[in-house]
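Visitor: Input: one structure, supplied below.
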Amino acid sequence: MSRLCVHTITTKPLSLEQCLTAFPKHGVAGITIWRQALENRDLRTVQRQTAEAGLEVVSLCRGGFFPATSASDRQKAIDDNLLAIEQAHALGAPLIVLVCGAVPGQALTESRKQITEGIAALLPAAEAAGVNLAIEPLHPMYADDRSAVNTLRQAHEICDALGSPKAVGIAVDVYHVWWDPDLQSQIDRAGATGRLHAFHLCDWKTPTTDLLNDRGLMGEGCINLREISDWVDGTGFTGFREVEIFSNKWWSGDQEEFLDKISRSYDLLYS
């Protein structure tokens, strides 16, 4: 349980303050804060409140969305990511998760080029702030407008193109990559290169009624969760296991009950 982290988006109906109260009661040790939860809040106060709650800030989510058809819009994305780095630094978050973005109708190769350029523009600020950046590949169903990076191999290629800086790595989210026949070898590669920065948990339900907001609680779906988790741990990764669930079903219910189910399903997965 010491490695259990929950994203604030997982309990979306709760305010940040409610998350800080509820998470520890259910054995949660870490918190990944989504940026919308920070609106109209003093970041130093949030940092203090999180520490007082006994929670470790695991990461800030999310940065990214670099591709655009105009240079001015690409610069706006870079500016927003620079702000995210400032926010992460103020919170004491060691990592920003990047959902890299895509442009409908634009060649994926061009979007990946713009993603690489965007991350390169952030590197000096990220390194100066001591904040790492994790490229999160998204399932190919999101290749049109959410991410042109859809496999771990593509994420590795971007890291290679950047010269493999220590500040840039990869976030492995089972929902997005469980289907990949190269998954184990690419996880091994991430471990061997020091690029494995984050590991996200949920499940893929069958049938899935909403491709964005019908993720399952661990054990509700068909993902080989324990096997993938063992591959991740086999690299020497000892970081948090982050529960990130987008679910209209669970958002519409009692969030304390949901947190209890998260804790129980997590405990069962690793027992």
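Visitor: Roughly what percent of Cα-Cα pairs across the chain reach past 32 Å?
Guide: Of all Cα-Cα pairs in the chain, 18 percent lie more than 32 Å apart.
Visitor: Report the Rg/Rh value for segment 192-271, based on alpha-carbon coordinates and the Kirkwood definition of Rh. Intermediate values should be presented prior to the final figure.
Guide: Details: Rg = 13.5 Å, Rh = 13.6 Å.
Rounded to two decimals, Rg over Rh is 1.00.
Visitor: Shifting gears a bit: Jot down the per residue volume, in cubic angstrom and as a whole number, of the convex hull over the alpha-carbon atoms of segment 72-196.
Guide: 99
Visitor: Taking θ = phi - 60°, what integer Hz values does the Karplus form 6.51 cos²θ - 1.76 cosθ + 1.60 yield along segment 11-20, in sequence order, with x for Gly and Pro?
Guide: Working through the residues one at a time gives 10, 3, x, 7, 5, 4, 4, 5, 4, 5 Hz.
Visitor: Mind checking the dipole of segment 4-269: about its Cα centre, +1 per Lys or Arg Cβ, -1 per Asp or Glu Cβ, Debye to the nearest 20?
Guide: 260
Visitor: Would segment 114-271 count as rounded, prolate or oblate if I go by the C-alpha gyration tensor, calling it rounded below 1.5 in a/c and otherwise prolate when a/b exceeds b/c, oblate otherwise?
Guide: prolate
Visitor: When only Cα pairs under 8 Å and 6 or more residues apart are kept, what is the percent relative contact order across segment 4-269? Before the final figure, lay out the partial values.
Guide: Details: 506 pairs, mean separation 48.2, N = 266.
After rounding, I find 18 percent.
Visitor: Starting at the first residue of segment 254-271, write each ³J(HN,Hα) from the Karplus equation 6.51 cos²θ - 1.76 cosθ + 1.60 with θ = phi - 60°, in whole Hz, x for Gly and Pro.
Guide: 6, 6, 5, 5, 4, 4, 5, 5, 4, 4, 5, 5, 5, 4, 5, 4, 9, 8
Visitor: If you don't mind, another one. Per residue of segment 198-215, in order, report the coupling 6.51 cos²θ - 1.76 cosθ + 1.60 (Karplus, θ = phi - 60°) as ³J(HN,Hα) in whole Hz, putting x for Gly and Pro.
Guide: 7, 9, 10, 10, 5, 8, 9, 7, 10, x, 8, 8, 8, 5, 9, 10, 9, 5
Visitor: Expressed in nm to one decimal, what extension gain is obtained for the pair Tyr270 and Asp73 from 0.36 nm per residue of sequence separation less their Cα-Cα distance?
Guide: Stretched out fully, the Tyr270 to Asp73 stretch lengthens by 66.5 nm.
Visitor: Which value at 222 nm does the chain reach when only helices count, each DSSP H run of 4 or more adding -39,500 (n - 2.57), with the total divided by all residues and rounded to the nearest 500 deg cm²/dmol?
Guide: For the chain, the value works out to -13000 deg cm²/dmol.
Visitor: Please give the FRET efficiency for Thr206 paired with Glu256, using the beta carbon to beta carbon distance and R0 = 41 Å, rounded to the nearest 0.05.
Guide: Here the calculated transfer efficiency is 0.90.
Visitor: Mind jotting down the three principal axis lengths of segment 155-205 based on Cα atoms? Whole angstrom, largest first.
Guide: 38, 19, 16
Visitor: Looking at this model, which pairs from Lys113/Lys205; Lys113/Lys166; Lys25/Lys261; Lys12/Lys76; Lys12/Lys205 are more than 22 angstrom apart at the alpha-carbon?
Guide: Listed pairs above 22 Å: Lys113/Lys205; Lys12/Lys76.
Visitor: Taking amide hydrogens as modeled 1.01 Å from N in the peptide plane, which residues meet the under 5 Å criterion relative to Thr10, leaving out close sequence neighbours?
Guide: Ile245
Visitor: Let me ask something else. Say each of Gln47 and Asn224 gets a label point 7 Å from the Cα, pointing the same way as Cα to Cβ; how far apart are those two points in nm?
Guide: According to this spin-label approximation, the distance is 4.3 nm.
Visitor: Right, something else. About the Cα centre of segment 1-127, what is the dipole size in debye to 20, counting +1 per Lys and Arg Cβ and -1 per Asp and Glu Cβ, all else neutral?
Guide: Around 300 debye, computed over segment 1-127.
Visitor: List every residue whose amide H lies under 5 Å from the amide H of Glu56, counting only residues 5 or more places away in sequence or on a different chain, with H placed 1.01 Å from N in the peptide plane.
Guide: Close amide H contacts, sequence-distant or interchain: Gly30, Ile31.
Visitor: Which far-off residues, 5 or more places away or on another chain, put their amide H under 5 Å from the one on Gly63, with H placed in the peptide plane?
Guide: For Gly63, the qualifying residues are Val97, Leu98, Val99.
Taken together, the values in this text are just the output of simple stated rules run on the coordinates, not laboratory data. Predicted, not measured: the structure shown is a model, and the values here were computed from it. Ideal geometry is used to build each Cβ from the backbone, glycine not excepted, and the neighbour counts take in all protein chains shown.
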